[in-house]
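Below is one structure, written out as structure tokens; comments come after it.
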Amino acid sequence: MKRGTIVRTITACVLVSALTLGGCSAAGEQPAVTDAGSAAPAPLVIGTLATQDALPLWVAEERGRFADAGLTDVEIVTFQSAQECQAAFTAGSVDALMTDIIVAAKLQASGTPVYISTVMLGADTAEGRFAIVAAPGSGIASLEDLAGIPVGTAAGTITEYVLDKLMAEAGVDAADVAKEEVPKMPVRFQLMMSGQLKAASLPEPFVSLAEQQGATIVAGGDDTAASENISQSVLVVSREYIKAEGGSAALDALLEAWDAAVADLSATPDEFRSTLVTKAGLPEALADTYTVSSYPTAGQPSAEQVQAVLDWMAERGYLTANVTPGDLLDAE
């Protein structure tokens with residue numbers, strides 16, 4: 001039995017949000033990672049949430065791209081919550097993890113060395129939208145209107161990071177950015193749609209679903225229209241796994257398969273909308289209309305983008321130890 005099978009928690013939940021989910025930043029060149037010897041790729045277990053960020057992984061599985069790259073023993077494990085996914089990674093039951101830079105930095109600071117191998121979604125502003133969404137009939141039109149009004153988010157997550165960045169860009173003083181702690185994304189969405197929250201920071205596909213049901217994106221609150229790319233989801237790999245026999249060979253093969261799957265998606269994106277429904281919990285209401293995102297080929301975020309996240313985390317006390325971009329990006 002594979003290790004991933006032991007920790008498997010296949011989710012039937014609709015729209016579980018990852019600690020970020022999609023987002024926006026420029027990807028750099030992928031550093032080479034090579035084995036000291038010529039070991040064959042080791043077995044690989046990848047942990048993810050049911051989110052569109054992982055679509056190329058499921059496409060690679062469906063189209064046989066892993067096998068094409070020489071990665072014959074790979075398993076994608078879908079978890080019901082980000083906490084479960086991270087716990088499995090920390091315990092060594094999962095070798096690679098779909099997450100974001102905030103979580104990668106927290107893992108590194110807590111003593112679990114990680115390597116950010118690639119941006120999964122968010123290499124440019126068109127990939128993976130986050131937005132500040134106003135409840136139907138709320139009367140909220142701009143980010144300035146939200147000064148002092150609680151916005152649904154979750155502390156120490158990518159949705160809070162995007163909220164802070166967009167509000168700052170709109171000129172809203174940090175002291176006037178009010179937040180309502182609602183960690184579970186589906187609950188946050190429902191509270192906003194029912195008017196119990198006037199606004200919420202949400203990723204796709206919650207944003208599209210909210211718009212379809214009468215909510216509006218606040219002016220200045222769409223990160224795809226921001227002056228700079230703000231966030232990205234990334235694939236992190238355990239450095240212990242990479243150091244083990246066949247680990248870096250498996251990572252090389254994984255990134256090769258990723259690029260092949262991205263090419264498949266780019267050629268016929270609409271063919272994979274059904275995969276989003278079955279694997280990522282895309283609502284049936286969006287099954288025929290949702291625009292499948294474009295995805296980047298393998299490449300790391302830049303050191304500047306990582307540093308911006310680390311600075312934000314340090315300012316808010318979310319880091320328990322010093323972490324540098326090199327800790328997360330440099331190949332050994």
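Structure notes:
Listed here are the residues, each with its yes/no results for (1) closer than 30 Å to Ala39 by Cβ; (2) not β-branched (Val, Ile, Thr).
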{"site": "Ala215", "(1), (2)": "no, yes"}
{"site": "Asp223", "(1), (2)": "no, yes"}
{"site": "Val234", "(1), (2)": "yes, no"}
{"site": "Glu245", "(1), (2)": "yes, yes"}
{"site": "Thr278", "(1), (2)": "no, no"}
{"site": "Val309", "(1), (2)": "no, no"}
{"site": "Thr320", "(1), (2)": "no, no"}
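- Flag for Glu245 being of a type in the set (Asp, Glu), assigned by TED's automatic domain parsing to the domain that holds Ala69 and touching a residue at least 12 places away in the same chain (Cβ under 8 Å): yes
- Single residue of region 201-222 satisfying the filter (farther than 22 Å from Leu276 by Cβ and among the hydrophobic types (A, V, I, L, M, F, W, C)) that is surrounded by the most Cβ atoms within 10 Å (Cβ to Cβ): Val218
Results for (1) more than 30 Å from Phe189 (Cα to Cα); (2) under 18 Å from the mean Cα position of the chain (by Cα); (3) modelled with pLDDT of 95 or more, shown as yes or no for each residue.
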position	(1), (2), (3)
Gly247	yes, no, yes
Ala260	yes, no, yes
Asp264	yes, no, yes
Gly281	no, yes, no
Glu284	no, no, no
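- Criterion (part of a loop (DSSP other than H, G, I, E, B), touching a residue at least 24 places away in the same chain (Cβ under 8 Å), in contact with a helix residue (DSSP H, G or I) (Cβ under 6 Å, 6 or more places away or on another chain) and surrounded by 18 or more Cβ atoms within 10 Å (Cβ to Cβ)) met by exactly one of Leu282, Leu328: Leu282
- Flag if Val114 is farther than 18 Å from Val45 by Cβ and in contact with a helix residue (DSSP H, G or I) (Cβ under 7 Å, 6 or more places away or on another chain): no
- Selected residue [touching a strand residue (DSSP E or B) at 6+ places or on another chain (Cβ under 6 Å) and farther than 16 Å from Ala104 by Cβ] from Pro301, Pro269, Pro296: Pro296
- Qualifying positions in region 297-315 - over 27 Å from Met167 (Cα atoms) and either touching a helix residue (DSSP H, G or I) at 6+ places or on another chain (Cβ under 6 Å) or surrounded by 21 or more Cβ atoms within 10 Å (Cβ to Cβ) (or both): Thr297, Ala298
- The residue list Ser93, Ser81 contains one member that is at pLDDT 95 or above and hydroxyl-bearing (Ser, Thr, Tyr), which is Ser93.
The values are calculated or read from the model by the stated rules, or taken from the named source; none is laboratory data. Quantities reported herein were computed from a predicted structural model and do not represent experimental measurements. Virtual Cβ from ideal backbone geometry, glycine too; neighbours counted across all protein chains shown.
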